[in-house]
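Here is the structure we will look at, set down as structure tokens.
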Amino acid sequence: MTMKSVSVLAILSLLALTPPLAIASDPSPLQDFCVGVNTPADGVFVNGKFCKDPKLVTADDFFMSGLQNPRPVANAVGSNVTAVNVNNIPGLNTLGISLVRIDYGVNGQNPPHTHPRATEILYVGVGTLFVGFVTSNGDGNRLFTKTLNEGDVFVFPEGLIHFQANVGKFPAVAFAALSSQNPGVVTIANTLFGSKPLINPNVLERAFQLDPRVIVDLQTKFQPKT
């Protein structure tokens, strides 16, 4: 077999292995469960966290209560997101799923954001929401929107900018499942105008085609309150 043939076979082999790696948001579990702990004592390192000794695992490692309770929404955007992920249910580690409760005040919104590691499926429990997502540059940045009522479900594809806004006359509540134990969140406005350190205003001025004074004003508003 020639070197050229070997190279072609090697490339084909790598391509054959690539799709499964690209499709999965989270690593596949290597055992029944891997309850995450923050110390290597009495544990082994698997899939990004140390695993608790299986003999020490209890039902509480897979449990959290209180998600039925309303959350306060007295903030600038009028919403509150309560995450249920690997950080508060250690048993979710390696299982590739998480949950959030979102409370919306009247006129409140969950502002434009992305989840870099997860697809989201949203269920409206109470109220009326206007939701949508924007496709990537290659798809022409198309906007898909829908008004959802109680019992309706909507899906936000992985990594795309999306939002929800309460358009009803009363507070609203939604629950969302995400295809990652730790999906991450990038809130667009906070990230761009509240970064540490601040992005050079000249960069944002060109990106948004705004007066530099407007950029500076936005950066001031999005800096954490001390």
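Values computed for the structure shown
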read-out	value
Computed FRET value (nearest 0.05) for D152 with R71, which takes r as the C-beta separation and R₀ as 22 Å	0.55
Anisotropy class of segment 59-187 from Cα gyration tensor, a/c 1.5 cut	oblate
Average Cα contact separation per residue, segment 96-191, under 8 Å, 6 or more apart, as relative contact order %	50
Distance between modelled label sites at F175 and L99, nm, 7 Å Cα→Cβ extension	0.5
5 angstrom amide H check on I161, placed H, neighbours 5+ away	V134
Phi to ³J(HN,Hα) by Karplus 6.51 cos²θ - 1.76 cosθ + 1.60 over segment 88-99, Hz, x for Gly, Pro	10, 10, x, x, 6, 3, 6, 8, x, 8, 7, 9
Ordering of 205-218, 89-102, 107-120, 146-159 by burial proxy (mean other Cβ atoms within 10 Å per residue, highest first)	89-102, 107-120, 146-159, 205-218
Potential lengthening between T135 and L198 on full extension [0.36 nm per residue; Cα-Cα distance subtracted]	20.0 nm
Amide proton proximity set for Q181, modelled H, under 5 Å, gap of 5+	G96, I97
Solvent-accessible area per residue, Å², over segment 62-201 with all protein chains present [probe radius 1.4 Å]	49
³J(HN,Hα) computed for each position of segment 177-188 - Karplus, 6.51 cos²θ - 1.76 cosθ + 1.60, integer Hz, glycine/proline x	9, 10, 8, 7, 5, 8, x, x, 8, 10, 7, 4
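The values are calculated or read from the model by the stated rules, or taken from the named source; none is laboratory data. Not measured: the values here are computed from a predicted model. For neighbour counting, all protein chains shown are included, and Cβ atoms are generated from backbone atoms with ideal geometry for every residue, glycine included. Areas reflect the complete protein model, heavy atoms only, side chains present, ligands, DNA and RNA absent. Shrake-Rupley method; radii C 1.70, N 1.55, O 1.52, S 1.80 Å.
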